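Okay, so here's the structure we're looking at.
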Amino acid sequence: MQTSCVQYPANDPVIVVHRSIFELCERNYTAAAVLSYFAYWHNIKLEMQAKARQANDVAESHGDKRTQDESLWQFHTEEDIEFHIMSASRKTIREAIRYLEERGFITTGSNPIPRYHFDKTRYILFHPDVVNSHAAELPNPSGNSAARYGKIAARYGKIAAAIPEITSEISPEISRSPPVVLRTTSPRRGDTYTPGFERFYEIYPIKKGKEAAWKAWKKEKLEPRCEEMVEAVRHHLEHNTDWHRGAIKHPATFLNGRCWEDELAADTFASLGNKRFIEEC
């Protein structure tokens, strides 16, 4: 494996933008970087969708409801995007998102699950077919530009190969191992958020204090209990009257206070037949 003469920190975020995406966004680098970020997460959501669909099929075959989220909507705070693309202010990022939506590359909206109607968070739905359709119409480089581009591609081909392609299929890079680009990292500590924590944070209605919530998640060692935690949040969303009035604790407070153990959760989980959750809590 080729190494660099520069010693980068572990899990140091990297963003690489394909020239085709740069041209597709009319040389708007911020828009191209944000689009690449959404494309990366769309591939991850495709993997999560496949697993959720499989779990729902099993539940349905046993007469249970399909409780796992199969949608491809993704959520990112402006702070997360700003940290990962490393090149723009939040105002510029908002302008880039509006541009991408006007081009039809993404759709923005609210929480796609009707029962979470009070969640005012902005969600993103990436449209790979639209991106691919427009990218196919781009002219190929010619003449000196083509020669220069060919040299660049040859020199950095190995780096570019690590980037998941914008496609509706699950990329081989993701299926083999986590890519080294656009990693979901904590900006303050440099360690990687786990998939279970990301699922919990994605469904939690308040998107504040992610770093504090991550610390609480690790302290309580909740990664193996990810499905139970997600189900606990869903229950609170449906039945917690305080939450319905808008009195929702920050995710770190919810975790540090072990609020998933509240009596509120017991009746619902018993009705769902999930007695193991109650016993373990």
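Structure notes:
- Neighbours of Ala252, meaning other residues whose beta-carbon lies under 9 angstrom from its beta-carbon, give a summed charge of +3 when Lys and Arg score +1 and Asp and Glu score -1.
- Asp80/Ala55 FRET efficiency (R0 25 Å; Cβ-Cβ; nearest 0.05): 0.40
- Links that overshoot a 22 Å alpha carbon limit, given the list Lys65/Lys219; Lys91/Lys208; Lys221/Lys249: Lys65/Lys219
- Sorted by Cβ density within 10 Å, fewest first, the residues Lys65, Lys207: Lys65, Lys207
- The length gained on full extension between Glu223 and Arg122, counted as 0.36 nm times the residue separation minus their Cα-Cα distance, comes to 33.8 nm.
- Applying 1/(1 + (r/R0)^6) with R0 = 35 Å to the Cβ-Cβ distance of Asp129 and Lys208 gives a FRET efficiency near 0.55.
- Listed by Cβ neighbour count within 10 Å, with the fewest neighbours leading, Ser36, Ser133 appear as Ser133, Ser36.
Coordinate-derived values only; no laboratory data. Model, not experiment: these values are computed from the prediction. Neighbour counts run over all protein chains shown; Cβ positions are idealised from the backbone, glycine included.
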